[in-house]
Amino acid sequence: MSTASPILLEAIGVEKRYDKFAALSGVDLKVRANTVHSVIGPNGAGKTTLFHMLTGTKAVSGGRIVFDGHDVTREPDHRRVQRGMA
C-alpha cells in the first residue's frame with residue numbers, strides 16, 4: 001500500500017488585491033513533496049500573481065502560505081531561502 005507524500009507547499013485562502021480590484025480571491029492549493037504540478041488558465045487569470053505570492057516576490061493581501069509546516073506568509077526572503085524555498 002502506498003502512502004501519500006507530505007504536503008510541502010500550501011496556500012490557504014490566498015488573496016491579492018490592488019485597491020478595490022481582487023486579482024485573486026480565496027485560492028487554496030496543496031503541493032505534495034515529490035510531485036509535479038501545473039497551474040493553467042487564460043491570460044489574466046492570476047497564474048503569475050499566484051506564483052509570485054508563493055515565492056514571496058509579491059505580498060499576500062490575505063490568507064497564508066505554508067512551506068514545510070512553517071507559515072512563511074510574511075517571512076523575509078532570506079528566511080524563505082534558509083527554509084529551502086529558492
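FYI, it's all coordinate maths here, none of it is from the lab. Everything numeric here is computed off the predicted structure, so don't read it as measured data. Cβ sites come from the backbone with ideal geometry, for glycine too, and all protein chains shown count toward neighbours.
The table below gives the values:
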| read-out | value |
| --- | --- |
| VAL39, VAL72, VAL66 arranged by Cβ crowding within 10 Å, fewest neighbours leading | VAL39, VAL66, VAL72 |
| Paramagnetic reach from ALA86 (point 7 Å along Cα→Cβ, amide N under 16 Å) across segment 65-80 | 77-80 |
| Which of ILE65, ILE40 has the fewest Cβ neighbours within 10 Å, and the rest in rising order | ILE40, ILE65 |
| For the chain, calculated [θ]222 nm from helices alone, where every DSSP H run of n ≥ 4 adds -39500 (n - 2.57) | -4500 deg cm²/dmol |
| Long-range Cα-Cα pairs in the chain (distance over 22 Å), rounded percent | 26 |
| Local electrostatic count, SER61, Cβ distance below 14 Å [Lys/Arg +1, Asp/Glu -1] | +4 |
| Protection proxy ranking of 17-29, 43-55 - average other beta-carbon atoms within 10 Å, highest first | 43-55, 17-29 |
| ALA59 paired with VAL31, simple spin-label distance in nm, labels 7 Å along Cα-to-beta-carbon | 2.3 |
| Length-normalised contact order of the chain in % [C-alpha pairs under 8 Å, at least 6 apart] | 32 |
